[in-house]
Amino acid sequence: MKYLFLISALTISFLFSSMTAQSEFHTIDDMVELAREQNMNLANWQMTIRELVLIQDITSFIEYQTGKGFYIGKKKDGNIQLNRQKQSGLNETLLLVYTNDKDMYHVSYFISSEEYSNEMKKNADNYIKSVKNDVFSQNAQKFSCIFTNFDGIIDFDVLKKSAINRLNLRTIEETREDHFWTWSAHNPKWEHNIEINDEQMNIQIAVKHTENNQSNIIIGTPILISEY
């Protein structure tokens, strides 16, 4: 079943390339391999898809999604949060935020898990593609990231060198402070890019050293949208 929708660009200052039909996890696989190479502990992975959608019959839309296992978590002021939890450890959320424009909603889909196995990825891949087919177009914005930690103070330069060598990255921007580091770069093999200052970027890494001599590291594509 398809709902009638109309796509409009979100008010954001960069341009996204379209999503492809390949596995949803090919970029996360690369990020996980980088993390494991540096002895990071994978805490969680997350994928987000966003788009501005025209939903002419919101009641039918919700009924269709609840028929697929979603349930209403929150509903207030025209905003609706639908949740779905799988026994495999997958957590999914469909967030619909009304725009005060007739039948237009900012729709965000979130899927995450603490587990990262081939069986989990196979299951998640099916759920993601099903939601994309039901709700989104090929122009939807997709963000992926992994949350990791390191038992000690990770060396910024060692991590940067490893990332460059493994992923063939080119530096776009870098910010360093005493206990915090962010790095933006471009991977020529990843198809999902953003454009900032006339340059293509598709990976960001943020590292924060904690007070108990630990390191929290987030790696995301094409840009980090989660709090550091």
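Between Lys129 and Lys74, the simple label model (points 7 Å from Cα in the Cβ direction) yields a spacing of 3.2 nm. Among Ser60, Ala124, Leu169, which residue has its Cα positioned farthest towards the positive end of the charge dipole of the stretch 25-221, with +1 placed on the Cβ of Lys and Arg, -1 on the Cβ of Asp and Glu, and the dipole taken about the Cα centre? Ranked along the dipole, the leading option is Ser60.
The angle between the Cα long axis of helix 26-37 and the main principal axis of the chain comes to about 30°, on a 0 to 90 degree scale. Solvent-accessible area of His26, all protein chains in place: 50 Å² (probe radius 1.4 Å, heavy atoms, ligands and nucleic acids excluded).
Heavy-atom accessible area, probed at 1.4 angstrom with all protein chains present, ranks Ile72, Ile58, Ile28 as Ile72, Ile58, Ile28, highest first.
Computed from backbone phi, the HN-Hα couplings of the stretch 44-51 come to 6, 10, 8, 10, 10, 10, 9, 6 Hz, rounded to whole numbers (Karplus: 6.51 cos²θ - 1.76 cosθ + 1.60, θ = phi - 60°; Gly and Pro given as x). Listed by chain and number, the lysines whose C-alpha is less than 30 Å from the C-alpha of Lys122, apart from same-chain residues fewer than 8 away, are Lys2, Lys68, Lys74, Lys86, Lys132, Lys142, Lys189.
For the stretch 171-228, trypsin sites (Lys or Arg not before Pro) meeting the loop criterion (DSSP other than H, G, I, E, B) and having at most 13 other Cβ atoms within 10 Å: Lys189. With no solvent and one equal point scatterer per Cα, compute the Debye intensity ratio I(q)/I(0) for the stretch 34-138 at 0.10, 0.14, 0.20 Å⁻¹ and report its log10, rounded to two decimals. Those come out to -0.32, -0.59, -1.04, one per q. The long axis of helix 156-167 is offset from the longest Cα principal axis of the chain by roughly 60 degrees. Placing pseudo-labels 7 Å out from each Cα toward the beta carbon at Leu54 and Ile196 gives an inter-label distance of 3.3 nm.
Solvent-accessible area of the chain (1.4 angstrom probe, protein heavy atoms only): carbon and sulfur portion equals 45 percent.
Under a 1.4 Å probe, what is the accessible area of the chain per residue, stated in Å²? Could the numbers behind the result be given before it?
Numbers: 11660 Å² over 228 residues.
With all protein chains present, the chain gives 51 Å² per residue.
3J(HN,Hα) couplings calculated from phi for the stretch 197-209 with the Karplus curve 6.51 cos²θ - 1.76 cosθ + 1.60 (θ = phi - 60°) are, in sequence order, 6, 6, 10, 7, 9, 8, 8, 9, 10, 10, 10, 10, 8 Hz; Gly and Pro show x. Counting only protein chain heavy atoms and rolling a 1.4 Å probe, the accessible areas of Glu92, Glu37, Glu211, Glu191 rank, largest first, as Glu211, Glu37, Glu191, Glu92. Distance distribution note for the stretch 103-228: the fraction of Cα pairs above 23 angstrom is 43%.
Dipole size of the stretch 25-221 about its Cα centre, with +1 on Lys/Arg Cβ and -1 on Asp/Glu Cβ: approximately 540 debye, rounded to the nearest 20.
Set the bar at 30 Å for Cα to Cα. Now go through Lys76/Lys121; Lys121/Lys160; Lys102/Lys129 and name every pair that lies beyond it. Mind dumping the intermediate values first?
On the way: Lys76/Lys121 33 Å; Lys121/Lys160 27 Å; Lys102/Lys129 27 Å.
Pairs exceeding the cut-off: Lys76/Lys121.
Using only the alpha-carbon atoms, how far is helix 118-135 inclined from the longest principal axis of the chain? Give it as 0 to 90 degrees, nearest 10. Rounded to the nearest ten degrees, it is 40.
Ranking Glu177, Glu51 from most to least accessible surface, computed with a 1.4 Å probe over the protein chains only, gives Glu177, Glu51.
The values are calculated or read from the model by the stated rules, or taken from the named source; none is laboratory data. Small disclaimer: the values here were computed from a predicted structure and weren't measured. Heads up, the Cβs are rebuilt from the backbone with ideal geometry, glycines too, and the neighbour counts pull from every protein chain shown. Heavy atoms of the whole protein, side chains included, go into the accessibility calculation; ligands, DNA and RNA do not. Shrake-Rupley method; radii C 1.70, N 1.55, O 1.52, S 1.80 Å.
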